[in-house]
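Working notes, beginning with the structure itself.
The values are calculated or read from the model by the stated rules, or taken from the named source; none is laboratory data. Quick caveat, the model's predicted, so the values are computed rather than measured. In this analysis, Cβ positions are derived from the backbone assuming ideal geometry, glycine residues included, and neighbour counts consider all displayed protein chains.
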Ligand SMILES: Nc1ncnc2c1ncn2[C@@H]1O[C@H](COP(=O)(O)OP(=O)(O)O)[C@@H](O)[C@H]1O
Ligand SMILES: [Mg+2]
């Protein structure tokens, strides 16, 4: 693959599986989209992906790419101001959750848990605002803004390849 490269891969980070921590560098938005599509192609029904990173890190960019790998048009995925859960239907149901504008009442009871009960893919922006209800078994992606581009740390209990 071009546009991004492996910084290093430490496998066997977790005792229970071959899973590990993968570090990638995405030099621009196109590279980010490639990584997201590659991740999306490896997801299975029920998988939950948590996207950590500050405003402008590229979380929605990754969500768009994952959606496109499920045959959902990227333009359907937006950072809508008041939508916390957006459902889309492609090859699999896709639940795009953005907890940025969560009200003071917290994350319980607003319907996010229901996403996990279905055989879809759930991608969560600002997961740190809803840790109490998000399953522990998930793929964590931490995005850092660098001088040029972004570094991504992908932590997964199941093996992933990029
Ligand atoms: N790897 C990258 N390198 C440089 N710019 C990027 C990269 N990935 C995404 N961007 C840009 O960063 C901006 C913010 O992206 P967005 O996905 O909306 O962030 P977030 O959802 O984390 O707030 C967009 O303009 C996008 O094109
Ligand atoms: Mg966003």
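Picking from residues in the stretch 49-94 that are on the phi > 0 side of the Ramachandran plot and in contact with a strand residue (DSSP E or B) (Cβ under 8 Å, 6 or more places away or on another chain), the one that is surrounded by the most Cβ atoms within 10 Å (Cβ to Cβ) is 58. Every listed requirement among (1) over 15 Å from residue 50 (Cα atoms); (2) touching a helix residue (DSSP H, G or I) at 6+ places or on another chain (Cβ under 7 Å) is met by residue 161 save one, (2).
Residues in the stretch 63-79 that are in contact (Cβ under 8 Å) with a residue 24 or more places away in the chain, under 17 Å from residue 126 (Cα atoms) and more than 9 Å from ligand 2 (Cβ to nearest atom): 64, 66.
When each of 128, 153 is tested for being within 14 Å of ligand 1 (Cβ to nearest atom), in contact with a strand residue (DSSP E or B) (Cβ under 9 Å, 6 or more places away or on another chain) and within 17 Å of residue 36 (Cβ to Cβ), the lone residue that passes is 153. Somewhere in the stretch 36-44, is a residue within 12 Å of ligand 1 (Cβ to nearest atom), part of a helix (DSSP H, G or I) and either surrounded by fewer than 22 Cβ atoms within 10 Å (Cβ to Cβ) or within 12 Å of the chain's Cα centre (by Cα) (or both)? Yes, that holds for at least one residue. If the condition is being more than 13 Å from ligand 1 (Cβ to nearest atom), over 18 Å from residue 115 (Cα atoms) and in contact with a helix residue (DSSP H, G or I) (Cβ under 9 Å, 6 or more places away or on another chain), then the stretch 45-75 contributes 68, 69, 73, 75. Residues that are at pLDDT 95 or above, exposed (fewer than 15 other Cβ atoms within 10 Å of the Cβ), out of contact with any helix residue (DSSP H, G or I) (no Cβ under 7 Å at 6 or more places or on another chain) and not in a loop (DSSP other than H, G, I, E, B) are absent from the stretch 9-28 altogether.
Please determine whether any residue of the stretch 114-134 is loosely packed, with under 14 Cβ neighbours inside 10 Å, within 14 Å of the chain's Cα centre (by Cα) and away from ligand 2 (no atom under 15 Å from the Cβ). No, the stretch 114-134 has no match at all. Each residue in the stretch 136-159 was checked for being surrounded by 12 or more Cβ atoms within 10 Å (Cβ to Cβ) and under 19 Å from residue 59 (Cα atoms), and 16 of them qualify.
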